[in-house]
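A.B. asks: If you scroll down you'll find the structure; I have some questions about it.
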Amino acid sequence: IDPVLEFSTFLGGPGADGAYGLALDSSGNIYLGMATQSPATPSLNPFQQTNTVSLQPAVLKFAPDGKQLLYFSVIGSRGWDAAYALAVDSSGSPIITGETESNIFPLKNAIDSDFKARVWTAFATKLSPDGRSLVYSTYLGGTGVDTGYAVAVDTQGNAYFVGWTESRDFPIKNTAVQNRTGL
């Protein structure tokens, strides 16, 4: 079977932009998790409209044929931040993880609201299905460098995050297989 190119497009604006996460919902809509330095399109009524000067995590949602951008939501602050992974739950809510160096990252219903890192800490953020509000957003890390690299969602809507930590004080809950880092 020969591969078929369904569609292809440029993506980005006047700043640095890079897409790292890709997911589809049950209707075939396409979601990208990314880092962007370009402003969102105001006509899309994004979660945050910023004139970014540093990289910010963002979620883009396209129609299944890729011909219409349904939303562009920037989730960031003034730090150098990026979304490296994305999953979509059964309601169409995108969930992203990555890293932030900002102590003013947008938080909601956070399990960890203290930025303790020397440089970067991981984050976990869930948007509403329309991409216009946060369901939750939290730091996930300790005093070392922490980065979220993968996220998956089960059929009950529980999100699972995987990443990298150099934090000896990374939060551990319940019985862990290994209760401390090897560093």
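The values are calculated or read from the model by the stated rules, or taken from the named source; none is laboratory data. Treat the numbers as computed from the prediction; the structure is a model and nothing was measured. Methodologically, a virtual Cβ is constructed for each residue, glycine included, from the backbone with ideal geometry; neighbour enumeration extends over all protein chains shown. All accessible areas refer to the heavy atoms of the entire protein, side chains included, with ligands and DNA or RNA removed. Shrake-Rupley method; radii C 1.70, N 1.55, O 1.52, S 1.80 Å.
A.B. asks: At 20 °C and a viscosity of 1.002 mPa s, what translational diffusion coefficient does Stokes-Einstein give for the chain, taking Rh as the Kirkwood radius over Cα pairs? Give it in µm²/s as a whole number. If you can, show how the numbers build up before the last one.
C.D. replies: Details: Rh = 16.8 Å.
It diffuses with D of about 128 µm²/s by this estimate.
A.B. asks: If each Cα of the range 56-156 is one equal point scatterer, what is log10 of I(q)/I(0) from the Debye formula at q = 0.19, 0.24, 0.25 Å⁻¹?
C.D. replies: Rounded to two decimals, the profile gives -0.87, -1.29, -1.37.
A.B. asks: Find the accessible area per residue for the chain; the probe is 1.4 Å, ligands and nucleic acids are left out, and the unit is Å².
C.D. replies: 55
A.B. asks: Continuing with the same structure: How many lysine pairs are close in the range 50-183, with Cα atoms under 26 Å apart and the two 8 or more places apart or on different chains?
C.D. replies: So the count of such lysine pairs works out to 9.
A.B. asks: Hey, another quick one. For q values of 0.22, 0.26, 0.28 Å⁻¹, compute log₁₀ I(q)/I(0) with the Debye formula on a Cα-only model of the range 66-122, without solvent.
C.D. replies: -0.99, -1.22, -1.32
A.B. asks: Where the accessible area of the chain is counted over protein heavy atoms with a 1.4 Å probe, how much of it, in %, is carbon and sulfur?
C.D. replies: Values: 5370 of 10080 Å².
The value for the chain is 53 percent carbon and sulfur by accessible area.
A.B. asks: Relative contact order, percent, of the chain when contacts are C-alpha pairs under 8 Å separated by at least 6 residues?
C.D. replies: Worked out over the chain, it gives 15 percent.
A.B. asks: Could you give the size of the charge dipole of the range 57-177 about its Cα centre, using +1 on the Cβ of each K and R and -1 on the Cβ of each D and E, expressed in debye and rounded to the nearest 20?
C.D. replies: That gives the range 57-177 a dipole magnitude of about 200 debye.
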